[in-house]
Amino acid sequence: MTTHPSNAARLTKDIVGSEYFVLFLCLAVFLAFAPFTPGFASRGNVANVLVACLPLLVLATGQTLVLITAGIDLSVTAVIGLGSVVGSLVMGGDAGWLRGSPLATPMAVAAMLGTGALVGCLNGLCIAWLRMPAFMVTLTSMMFCSGLAVWLARQAVHAESIYNLPPAFLALGHPGGLGALLVALAVLVAHLLLTRTLVGRWFYAVGHNPRASLVSGVPVAGVIVGAYVLSGLFASMASILLTARLETGSPNHGKTLLLDVIGAAVIGGTSLFGGKGRVLWSVYGVLFLTLLGNGLNLVNVSDFLITIIKGGVILIAALLDVWRSRIVRGS
Amino acid sequence: MSQLTRLRSCLPAAVLGLLLLLLGCDRPTGNGTSGANPPGPATSPGQVTTIGVAFESLMTEFWVAAFDKLKADCAARGITMLEAVADGDTARQFDQVKNFLNRGVDGVIIVPKDGKTVIPMIKACNAAGVPVVLYNRPADPTDARHTAVAPDNVAITKETVTYLVSLARKTGRKQKAMILMGDLSDVNAIGRRDGFEAAIQEAGDAVEVVSRVPTDWNQEKALAGLQSSLQAHPDIGLIFASSDFMFPSIKSVLSSLGRWKKHNEPGHVIVGGFDGDATAYQLLADGYVDATGVQDVYWEAEQALQVILDAKAGKAVPARIDDKGFAITQSNLKELEPRMWGAVVAKKK
């Protein structure tokens, strides 16, 4: 009775319209699970949540850059598999080209990053210069990379998995190791690129209106290629993390992550139509999805139901995005 | 205004910090398994109240039967079974196992995707002091402590294929044969292929293998591989599937060629498999399938759970428990049917 209806409406509008809305949701998820879920608030689980979300975090960051330019990159999960196989073939203990050499790990990491950048560059060139739809280009490169990864693995080791990776490489996957540090750095650089640089403003401009951007002197094609190259590079970083963590090179790594990658960006508030989004928002989206999955898993909800719930949440996030946009426009 | 802006810019850091602080507030729990700050419900030493069961997939009847048996056995013993299915994603399974450990389970049963990627999961369980059992798929050689309950794939397959070869020999002419292999990063698939090859080697001139199709345990790939092989060799007379879940694909392709015949009909293609599922039982009973290698899913599940109970009770547990299994054929179907898990499932349906 003490709150005037208009104040309540304003508060709702402030919370829902806030760019930290998803962060508040993370807090709500935590508060909902913590009292009823043994182990949820343990230090071990904190580490687990943080380590588990790293590959998704770096992938969602790359996807955010692409989504802001009004594109989409469906090839990221296939880049993970291809990068994993290429890197493992460079350094792998049984059949690696540089097995036993001290250069094996750095060369493998370089090969993995190079693979991602190359696939991203080809995607970007097809989209920017050949004017092909991003969905079609990245869908076909996903198929191509997936097939190539399996073919390469089978040619080299007559199996799909490559084992006996060097300990120096495996150390990249340790919780709190160099891999985690590099991911955090990459996410920070992407955030600063978008918020503090002219190039960042170009990304938004291209996403808003490529034609007007071109007229204004923005190198539209270069921005688009750059976004896909960064997305490919970030996918390679996820590949390094997953390969090191599982101590195996495999074309199957990351295959089920695509829904989560796009979902995390959308939940964070990045628009599928371009011109709107932030790396920080995607960080919140990743944290939300990971916390939700972790909490549901710990309360013994079946994985099929978890997938259904995640799909529902992403749909609600997309609807909320529309609603929030209206609220913000209205105010 | 500038203060407000500063406050706004600090908000995400503050909320994130609060969240992590809350997350980091360990509650004093413990079952004595994970060192100085163990999570999970408090249990007395040796008592098993919660176990985590992480399956790589529930795609086939075999895995569903195993999952249901573990669930039923846990319920019967008053044990809470936490469940997780990774849909073939090893990274996801690793996270699920770690979730179990954070939850403070008393034991973990894993059906891994392959023998190598499971090793980090076993090591994580070892580090937490939680007993771990690999169900049906053993790990590659490792010093990480665990127990594997798995079938003797080579012996069971060899017995099954030897029976198929004996049927081929009875036809009086050299039969062309093919094998639908599994995912060769899976030791079960390798064992079944090796058992097939061993039986073929002893078969002499009775059969000639003209096609070895990798299926990656994927029914669509099995179907496509079968179609191609039967197009290249229309006179293939013996087909061995490394898992019974491929029988519908075999039926589909042979039916379209008019060659899906019962064992006592002319033009019958000799068909065998591995697992002993309900479909296999029905096809055996109907006379279309000649033999299948049966692994005892219920016995394996009982053993897996018993290992956790024994380990928690401080008893010594073996590193490997072999399911000897058996080949069920048209000749011994009536006699061995009660021991075939697929027959039990089929009759429940």
Legend entry - Filter result for A:Gly269 (among the small types (Gly, Ala, Ser) and out of contact with any Phe, Trp or Tyr (no Cβ under 7 Å at 6 or more places or on another chain)): no
Inset, instruction - Can you give me the ranges of the helices (runs of 4 or more DSSP H) entirely in segment A:183-248 with at least 1 residues that are within 30 Å of A:Asn164 (Cβ to Cβ)? - result: A:220-246
Inset, instruction - Name the residue, out of A:Gly147, A:Gly176, A:Gly96, A:Gly114, that is at positive phi and either out of contact with any Gly (no Cβ under 8 Å at 6 or more places or on another chain) or free of Cβ contacts under 8 Å to residues at least 60 places away in the same chain (or both). - result: A:Gly176
Legend entry - Selected residue [without any contact (Cβ under 8 Å) to a residue 60 or more places away in the chain, closer than 17 Å to B:Ala148 by Cα and of a type outside the set (S, T, N, Q)] from B:Ile110, B:Ile51: B:Ile110
Inset, instruction - Give the number of residues within segment B:272-311 that are in contact with a His (Cβ under 9 Å, 6 or more places away or on another chain) and touching a residue at least 40 places away in the same chain (Cβ under 8 Å). - result: 3
Inset, instruction - Specify which of the listed residues (A:Gly83, A:Gly124) is in contact with a Ser or Thr (Cβ under 8 Å, 6 or more places away or on another chain) and part of a helix (DSSP H, G or I). - result: A:Gly83
Inset, instruction - State which residue is farthest from the other protein chains (Cβ to nearest Cβ) when the search covers only segment A:42-81 and only residues that are in contact with a Leu (Cβ under 6 Å, 6 or more places away or on another chain) and of a type in the set (A, V, I, L, M). - result: A:Leu65
Legend entry - Wholly within segment B:84-173, helices (runs of 4 or more DSSP H) carrying at least 3 residues that are within 14 Å of chain A (Cβ to nearest Cβ) and in contact with a helix residue (DSSP H, G or I) (Cβ under 7 Å, 6 or more places away or on another chain): B:90-103, B:119-128
Legend entry - The listed residue being within 30 Å of B:Arg339 (Cα to Cα) and in a helix (DSSP H, G or I), out of B:Lys262, B:Lys251: B:Lys251
Inset, instruction - Look through segment A:235-274, keep the residues that are over 24 Å from A:Val313 (Cβ atoms) and away from chain B (no Cβ under 12 Å), and return whichever of them is surrounded by the fewest Cβ atoms within 10 Å (Cβ to Cβ). - result: A:Ile240
Legend entry - Those residues of segment B:64-90 which are within 13 Å of the chain's Cα centre (by Cα) and closer than 19 Å to B:Gln306 by Cα, in sequence order: B:Ala65, B:Ala66, B:Phe67
Inset, instruction - Tell me which residues, restricted to segment B:189-210, are part of a helix (DSSP H, G or I), more than 14 Å from chain A (Cβ to nearest Cβ) and crowded, with 19+ Cβ neighbours inside 10 Å. - result: B:Gly191, B:Arg192, B:Gly195, B:Phe196, B:Ala199, B:Ile200
Inset, instruction - Quick one: B:Ile328 ticks every box in (1) among the β-branched types (Val, Ile, Thr); (2) in a helix (DSSP H, G or I); (3) within 24 Å of the chain's Cα centre (by Cα) except a single one, so which number is it? - result: (2)
Legend entry - Single condition A:Phe33 does not satisfy, out of (1) under 27 Å from B:Leu101 (Cβ atoms); (2) surrounded by fewer than 16 Cβ atoms within 10 Å (Cβ to Cβ); (3) aromatic (Phe, Trp, Tyr): (2)
Inset, instruction - Name the one entry in A:Ala190, A:Ala153, A:Ala168 that is aliphatic (A, V, I, L, M), farther than 21 Å from A:Gly274 by Cα and modelled with pLDDT of 90 or more. - result: A:Ala168
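Here is a yes/no grid of residues against (1) modelled with pLDDT of 95 or more; (2) within 23 Å of B:Ala139 (Cα to Cα):
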| site | (1), (2) |
| --- | --- |
| A:Gly179 | no, no |
| A:Leu182 | no, no |
| A:Leu194 | yes, no |
| A:Gly200 | yes, no |
| A:Phe203 | yes, no |
| A:Val220 | yes, no |
| A:Gly232 | yes, no |
| A:Ala235 | yes, no |
| A:His253 | no, yes |
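Which of the residues that make up segment B:58-77 are without any contact (Cβ under 8 Å) to a residue 24 or more places away in the chain and surrounded by fewer than 20 Cβ atoms within 10 Å (Cβ to Cβ)?
B:Val64, B:Asp68, B:Lys71, B:Ala72, B:Ala75, B:Ala76 - these are the residues of segment B:58-77 that are without any contact (Cβ under 8 Å) to a residue 24 or more places away in the chain and surrounded by fewer than 20 Cβ atoms within 10 Å (Cβ to Cβ).
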Legend entry - Subset of segment A:12-57 (residues that are without any contact (Cβ under 8 Å) to a residue 60 or more places away in the chain and of a type in the set (A, V, I, L, M)): A:Ile15, A:Leu27, A:Ala28, A:Leu31, A:Ala34, A:Ala41, A:Val46
Legend entry - Matching residues, segment B:268-288, being β-branched (Val, Ile, Thr) and surrounded by fewer than 24 Cβ atoms within 10 Å (Cβ to Cβ): B:Val269, B:Thr279
Inset, instruction - Select from segment B:289-328 the residues that are charged (D, E, K, R) and touching an Asp or Glu at 6+ places or on another chain (Cβ under 7 Å) and write down the one among them that is surrounded by the fewest Cβ atoms within 10 Å (Cβ to Cβ). - result: B:Lys324
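The values are calculated or read from the model by the stated rules, or taken from the named source; none is laboratory data. It should be emphasised that the depicted structure is a prediction, and the values quoted were computed from it without experimental measurement. Using ideal geometry, Cβ is built from the backbone for each residue, glycine included, and neighbour counts are taken over all protein chains shown.
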